[in-house]
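Enquirer: Input: one structure, supplied below.
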Amino acid sequence: MTSTPNGVWASPPRAWTGTPSGYVSTYYEVRSLANDPRLSNDTRNRPPRYARTAEAEDTGLPPSFIFTDPPVHDRLRDTINRPFGPPHSPRFLDGLRGDLAKVVTELLDAFEGKDQVDIVEDFSYPLPVTAICKVLGVPREDEPRFHGWADALASSLDPQSGDEGQEKGQRARQELGSYLSDLIEAKRRHPGPGMLSALAPDMTPADLEATAVLLLVAGHETTVNAITNTTLTLLRHPDVLERFQKEPELAVPLIEEVLRYEPPVQFVPWTTALADIDVAGTTIFEGSPVWLMLAAANRDPRRFEDPDRFDPDRKDNEHLGFYTGIHYCFGAPLARIELHLAVPELFRRVKFSGLLEDPPPYRANAVLRGPRHLPVGVEGLTT
């Protein structure tokens with residue numbers, strides 16, 4: 001394996017030892033490759049000996065758009081975006097704010113009388129699952145069923161999850177696909193609010209099921225981690241927290257800095273080189289799986305001054321917390337709405353006595369980084 005000081009490691013595919021043939025960990029190189037058509041997101045382009053994610057296994061569904069390349073990717077993404085946001089549906093996401101704000105209030109009201117809570121179980125998990133179910137048009141009473149499915153699917157994205165993790169992910173995808181198939185058919189007969197009804201006339205049932213499965217994971221698990229990581233980071237930086245409570249307008253740069261400092265997605269493990277690619281003096285060979293290390297790129301000292309310091313006043317903070325290029329996170333606008341509803345209200349209403357466990361237990365997932373539980377002490381709750 002060869003490497004360069006610029007954070008690129010590569011070896012020929014024939015030298016495979018169970019790990020990727022290319023790692024890229026620096027900011028400018030990651031941005032360049034994410035926009036390079038010679039790098040494919042379609043896992044079907046990988047050599048057979050490389051493990052695939054559960055997304056690419058035979059579950060009876062086509063790959064969702066995140067695991068496709070142009071022109072298929074562009075067609076699917078453009079279609080899906082029509083009911084989701086600008087320019088076709090500019091008020092769709094804003095229309096969710098009121099309902100999501102009520103959910104935040106209900107979740108925080110439930111803290112009353114408690115001297116400790118688990119931020120994950122009691123706050124950061126329930127909000128995103130409600131949000132993505134509202135986006136899709138899933139009945140509220142079915143939301144609890146999504147917890148197990150989401151956990152299994154998210155775990156299967158981890159290339160280190162092993163055969164058992166991949167099998168659980170595949171099984172969850174099949175079960176969720178079956179549920180969504182019935183729901184989509186019901187939406188075709190009796191349209192209602194949400195993307196499933198809006199997209200039913202324009203997409204095949206299989207493509208729509210695959211899209212809904214993706215949105216559940218991408219729109220739920222990443223936001224859970226983003227809210228939890230922000231809470232943990234603020235409790236670890238009491239000086240910033242005190243300032244934030246006095247200056248609510250700090251919310252925007254603070255949240256963007258957390259997305260750089262503790263991004264919910266650590267790396268992208270499913271890209272493949274379609275040709276030999278020279279990167280920073282190193283050749284990534286055709287057919288090589290490539291990992292784009294987003295979290296490392298977000299702390300590249302060539303791009304960010306003093307990168308290991310949490311600094312909400314950081315200027316020109318064009319981080320990779322939501323990736324970049326044509327595969328930029330589809331759900332980023334929704335995630336930001338949830339973060340800006342949840343985080344300021346959490347720290348406005350709750351007086352914390354501190355972390356009860358630091359470091360907290362983390363999810364066993366190298367791709368999606370966030371605590372599995374975040375127990376905190378509570379001294380009081382305001383209205």
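Enquirer: Restricting to the stretch 271-295, name every residue that is part of a strand (DSSP E or B), within 30 Å of Asp311 (Cα to Cα) and either open to solvent by 20 Å² or more (accessible area, probe 1.4 Å) or not aliphatic (A, V, I, L, M) (or both).
Expert: Within the stretch 271-295, just Trp291 meets the criteria.
Enquirer: Go through (1) more than 27 Å from Met203 (Cα to Cα); (2) open to solvent by 40 Å² or more (accessible area, probe 1.4 Å); (3) not in a loop (DSSP other than H, G, I, E, B) one by one and return the number of the condition Asp74 breaks.
Expert: So Asp74 meets the others, but not (1).
Enquirer: To continue, here is another question. Quick one: would you say Val224 is hydrophobic (A, V, I, L, M, F, W, C), touching a residue at least 24 places away in the same chain (Cβ under 8 Å), assigned to a helix (DSSP H, G or I) and touching a Leu at 6+ places or on another chain (Cβ under 8 Å)?
Expert: On the way: hydrophobic (A, V, I, L, M, F, W, C): yes; touching a residue at least 24 places away in the same chain (Cβ under 8 Å): yes; assigned to a helix (DSSP H, G or I): yes; touching a Leu at 6+ places or on another chain (Cβ under 8 Å): no.
It is false that Val224 is hydrophobic (A, V, I, L, M, F, W, C), touching a residue at least 24 places away in the same chain (Cβ under 8 Å), assigned to a helix (DSSP H, G or I) and touching a Leu at 6+ places or on another chain (Cβ under 8 Å).
Enquirer: Of these, Asp163, Asp118, which one is among the charged types (D, E, K, R) and touching a His at 6+ places or on another chain (Cβ under 6 Å)? Even if it seems obvious, please write down each step before you answer.
Expert: On the way: Asp163 fails: touching a His at 6+ places or on another chain (Cβ under 6 Å).
None of the others qualify; the one that does is Asp118.
Enquirer: For the stretch 281-290, check the following and say yes or no: at least one residue is of a type in the set (A, V, I, L, M) and farther than 17 Å from Tyr28 by Cα.
Expert: Start the filter on the stretch 281-290 by keeping residues that are of a type in the set (A, V, I, L, M), which leaves 284, 290.
From the residues that got through so far, the ones that are farther than 17 Å from Tyr28 by Cα too are none.
Scanning the stretch 281-290, I find no residue that is of a type in the set (A, V, I, L, M) and farther than 17 Å from Tyr28 by Cα, so the answer is no.
Enquirer: Out of the residues in the stretch 47-76 that are touching a Phe, Trp or Tyr at 6+ places or on another chain (Cβ under 7 Å) and among the aliphatic types (A, V, I, L, M), state the one that is modelled with the lowest pLDDT.
Expert: Ala56
Enquirer: Give just the number: which of (1) in contact with a helix residue (DSSP H, G or I) (Cβ under 8 Å, 6 or more places away or on another chain); (2) at pLDDT 95 or above; (3) charged (D, E, K, R); (4) closer than 30 Å to Arg38 by Cβ does Glu318 not satisfy?
Expert: Going through (1) in contact with a helix residue (DSSP H, G or I) (Cβ under 8 Å, 6 or more places away or on another chain); (2) at pLDDT 95 or above; (3) charged (D, E, K, R); (4) closer than 30 Å to Arg38 by Cβ one by one, Glu318 breaks only (1).
Enquirer: Filter the stretch 147-184 down to the residues that are open to solvent by 10 Å² or more (accessible area, probe 1.4 Å), in a helix (DSSP H, G or I) and closer than 19 Å to Arg46 by Cα, then identify the one that is modelled with the lowest pLDDT.
Expert: Gly162
Enquirer: So, one more: If a residue must be of a type in the set (Lys, Arg) and touching a helix residue (DSSP H, G or I) at 6+ places or on another chain (Cβ under 7 Å), how many such residues does the stretch 83-114 contain?
Expert: If we filter the stretch 83-114 for residues that are of a type in the set (Lys, Arg), which is where we start, we get 91, 97, 102, 114.
Then drop every residue that is not touching a helix residue (DSSP H, G or I) at 6+ places or on another chain (Cβ under 7 Å), which leaves 97.
So the answer is 1.
Enquirer: Considering only the stretch 296-355, state which residues are among the hydroxyl-bearing types (Ser, Thr, Tyr) and either within 30 Å of Thr211 (Cβ to Cβ) or buried (at least 20 other Cβ atoms within 10 Å of the Cβ) (or both).
Expert: Of the stretch 296-355, the ones among the hydroxyl-bearing types (Ser, Thr, Tyr) are 323-324, 328, 353.
Once the filter is applied, which keeps residues that are among the hydroxyl-bearing types (Ser, Thr, Tyr) and either within 30 Å of Thr211 (Cβ to Cβ) or buried (at least 20 other Cβ atoms within 10 Å of the Cβ) (or both), the stretch 296-355 yields Tyr323, Thr324, Tyr328.
Enquirer: With the structure loaded, tell me whether Asp94 is open to solvent by 40 Å² or more (accessible area, probe 1.4 Å), modelled with pLDDT of 90 or more and within 27 Å of Glu357 (Cβ to Cβ) or whether it fails that test.
Expert: Working: open to solvent by 40 Å² or more (accessible area, probe 1.4 Å): yes; modelled with pLDDT of 90 or more: yes; within 27 Å of Glu357 (Cβ to Cβ): no.
No, not satisfied.
Enquirer: Still on this model: Can you confirm whether the stretch 111-131 contains a residue that is hydrophobic (A, V, I, L, M, F, W, C), part of a helix (DSSP H, G or I) and at pLDDT below 90?
Expert: Let us first name the residues in the stretch 111-131 that are hydrophobic (A, V, I, L, M, F, W, C), namely 111, 117, 119-120, 123, 127, 129, 131.
Narrowing the set further to residues that are part of a helix (DSSP H, G or I) leaves 119-120, 123, 127, 129, 131.
Now restrict to residues that are at pLDDT below 90: 129.
Scanning the stretch 111-131 turns up at least one residue that is hydrophobic (A, V, I, L, M, F, W, C), part of a helix (DSSP H, G or I) and at pLDDT below 90.
Enquirer: Sort out which residues of the stretch 356-378 are open to solvent by 30 Å² or more (accessible area, probe 1.4 Å) and of a type in the set (A, V, I, L, M, F, W, C), and write them in order of number.
Expert: Just the residues of the stretch 356-378 that are open to solvent by 30 Å² or more (accessible area, probe 1.4 Å), to begin with: 356-359, 361-364, 366, 369, 372-373.
Those that are open to solvent by 30 Å² or more (accessible area, probe 1.4 Å) and of a type in the set (A, V, I, L, M, F, W, C): Leu356, Ala364, Ala366.
Enquirer: Of everything in the stretch 15-46 that's at negative phi and modelled with pLDDT under 80, which residue is surrounded by the fewest Cβ atoms within 10 Å (Cβ to Cβ)?
Expert: Initial filter on the stretch 15-46 (at negative phi): 15-17, 19-46.
Restricting the remaining residues to those that are modelled with pLDDT under 80 gives 15-17, 19-21, 46.
Details: Ala15: 11, Trp16: 16, Thr17: 8, Thr19: 13, Pro20: 23, Ser21: 25, Arg46: 19.
Selected residue: Thr17.
Enquirer: May I pose another question? Mind checking which residues of the stretch 316-368 are within 30 Å of Glu305 (Cβ to Cβ), assigned to a helix (DSSP H, G or I) and hydrophobic (A, V, I, L, M, F, W, C)?
Expert: Correct list: Ile326, Ala332, Ala335, Ile337, Leu339, Ala342, Val343, Leu346, Phe347.
The values are calculated or read from the model by the stated rules, or taken from the named source; none is laboratory data. The structure displayed is predicted, hence computed values, not measured ones. Every residue, glycine as well, gets a Cβ built from its backbone with ideal geometry; the counts of neighbours run over all protein chains shown. What goes into the accessible areas is simple: the full protein's heavy atoms, side chains included, and nothing from ligands, DNA or RNA. Shrake-Rupley method; radii C 1.70, N 1.55, O 1.52, S 1.80 Å.
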